[in-house]
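Have a look at the structure below before the remarks.
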Amino acid sequence: MELKKHFLMAVILLITGASHAQQASENTNYDQGFRLGFGLNAGAVTGDYFNFALGGDARLQYDLSQKTSLTLTTGYTHLFGKDEVKDLGFIPAKAGFKAFVWGDRFYVLGEAGAGFAVTNNYNETTFLWSPGIGYANSFIDLSLRYEGMNNFNADQIAFRVAYGFKL
């Protein structure tokens, strides 16, 4: 619980500090459109049941402006169980909002949705929420996020490396 508070405070400080330092820049030649990214994730899991998480995802992004985007993310995440606890694999389905807060490279992202358990007779669906920060250029996206998983008795802090492109 203490880790959650520190992470959320860091995200809030990043958002407020970066928004004050931001300078407005207009690009009249900017084309709205879709981007698609494929990522690999590795995470440290909190709680008493799982050791770590590995996964992959696909993220569809629609650019509303040069600084803001809507996102849809899905994929597969595998939580590796501790001791006698069985592993848990789930499929996330999240929608979110991405805002570039420092130039056109550093962003904050918030997503929410559901996680559908698909392995070892786990018959749970959980609410997922994921605040994060990241760096992106035309092709590479690196991010760090906290992912809260209410019904899985675990949360994670994950690092994502992704390759993205315009559609």
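The values are calculated or read from the model by the stated rules, or taken from the named source; none is laboratory data. Please read all numbers here as calculations on a predicted model, not as lab measurements. All Cβ positions, glycine included, derive from the backbone under ideal geometry; neighbour counts span all protein chains shown. Each accessible area value is taken on the protein alone, full model and side chains, heavy atoms only, with ligands, DNA and RNA left out. Shrake-Rupley method; radii C 1.70, N 1.55, O 1.52, S 1.80 Å.
Structural remarks
- Computed label-point distance, nm, for sites Leu144 and Ala58 using a 7 Å Cα→Cβ extension: 3.0
- In order along region 62-75, the Karplus-derived 3J(HN,Hα) couplings, from 6.51 cos²θ - 1.76 cosθ + 1.60 at θ = phi - 60°, round to 10, 7, 6, 8, 5, 10, 9, 8, 9, 10, 10, 10, 9, x Hz, and Gly and Pro are given as x.
- Sum of side-chain charges, Gly115 neighbourhood, beta-carbon under 13 Å (Lys, Arg +1; Asp, Glu -1): -4
- Distances between placed amide hydrogens fall under 5 Å for Thr119 paired with Gly89, all partners being 5 or more residues away or on another chain.
- Part-to-part distance (alpha-carbon centres) for region 110-153 and region 35-101, which is given in Å: 4
- Spin-label proximity, Leu40 to region 117-146 - amide N less than 17 Å from point 7 Å beyond Cα toward beta carbon: 140-144
- Amide H to amide H distances under 5 Å link Leu64 with Ser69, Leu70, where only residues 5 or more positions off or on other chains count and H is placed in the peptide plane.
- The fraction of Cα-Cα pairs per 10 angstrom bin, counted from 0 for region 92-167, comes to 18, 44, 27, 10, 1 percent, rounded to whole percents.
- Under the convention that each Lys and Arg Cβ holds +1 and each Asp and Glu Cβ holds -1, the size of the dipole of region 21-167 around its Cα centre is about 320 debye.
- With θ taken as phi - 60° and the Karplus curve 6.51 cos²θ - 1.76 cosθ + 1.60 applied, the whole-hertz 3J(HN,Hα) list for region 139-145 is 10, 9, 9, 10, 8, 10, 9 Hz, x standing for glycine and proline.
- Here r is the Cβ-Cβ distance between Ile91 and Leu167 and R0 is 22 Å; the resulting FRET efficiency, rounded to 0.05, is 0.45.
- Thr68/Asn121 FRET efficiency (R0 45 Å; Cβ-Cβ; nearest 0.05): 0.65
- Surface accessible to a 1.4 Å probe, per residue, for the residues of region 27-150, Å²: 49
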